[in-house]
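Report on one structure; see the data block that follows.
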Amino acid sequence: SSNNIYRYNEFFNTIGGIGLRDGDSNQIYGNSWSDEENTANPNRRQDVSIAIKGQYNLIANNVFNVPRARGAISENRWGTRKFRSGTNTTSRTGYNLIANNTIIATRPGTPAISVGRNGGEFDVTGGSARPIIGSVYINNIIMGGAKLFGYQDSFVDPQSGQTRFNDVIIENNLFYPTENATLGEGFSVGQNSQGNPQLGSDYRPTTNSSRVIDKGNSVVLNIRQDTRSKFKNVNVAIDIDVDYLGAKRRVGSSPDIGAIEFVGEGENLAD
């Protein structure tokens with residue numbers, strides 16, 4: 001299904017996630033995901049919070065604090081996969097915009113963001129062999145005790161034996177690995193930075209958040225008007241001009257990185 005909007009929801013202790021399957025031009029913004037230790041069933045795993053299978057979807061200004069989930073966002077290869085009962089064809093995937101999200105924590109051992117694989121981090125052979133083209137990951141804060149950004153740039157088509165390449169833009173994101181986390185392959189794809197975002201309560205930037213405040217790429221404020229070839233095909237339905245709390249972006253010289261714009265200590269919304 002296409003042209004749906006998921007906004008301003010709070011997902012708490014959910015096992016499943018939002019699966020954008022066979023649909024285009026959906027918008028997911030201003031939502032939060034959180035969980036806590038399940039003492040009754042401590043080994044219960046949650047699915048990835050958002051799984052993308054489609055084109056021109058917008059995932060922006062969301063907050064993820066899900067230490068039991070198998071990732072916050074995944075965008076996997078598409079095409080035909082063979083099963084015992086027959087075949088399954090997933091829709092063309094690419095030209096999605098994932099911007100200004102804040103990922104606090106996901107399950108250790110799985111990437112916070114996983115892109116370009118076949119079925120996720122644990123299934124990297126066979127199956128869907130159509131590459132992801134044109135998606136943009138920009139201005140996100142990615143932190144936690146896991147691989148932060150798993151990205152498979154090339155793979156072998158199991159049917160033709162040819163090497164195929166995903167072509168995804170990963171730019172201007174702030175990575176902060178904690179505990180035994182690794183940056184992941186996505187860090188070196190574009191110009192990304194590493195360091196502590198120095199967030200305060202409720203994941204808000206503080207006066208010490210020098211790596212966050214005014215460090216965002218302003219192209220997301222009106223990406224449809226951008227003339228650079230690497231962005232022009234990302235045709236999202238709205239512009240990202242407000243943050244997770246409803247504050248206007250670009251309070252300073254440039255927008256901030258992450259889901260929440262800094263508007264001053266103790267303030268919620270910009271004028």
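Just so you know, all these numbers are worked out from the coordinates, no wet-lab data involved. Quantities reported herein were computed from a predicted structural model and do not represent experimental measurements. Don't worry about glycine lacking a Cβ; one is built from the backbone with ideal geometry, like all the others, and counts go over all protein chains shown.
Numbers for the structure displayed
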quantity: Sequence ranges 3-14, 200-211, ranked by mean other-Cβ count within 10 angstrom, highest first; calculated: 200-211, 3-14
quantity: For region 127-149 and region 197-211, distance of Cα centres in Å; calculated: 23
quantity: In region 120-204, the GluC sites (Glu not before Pro) that fall in loop regions by DSSP, at most 16 other Cβ within 10 Å; calculated: Glu179
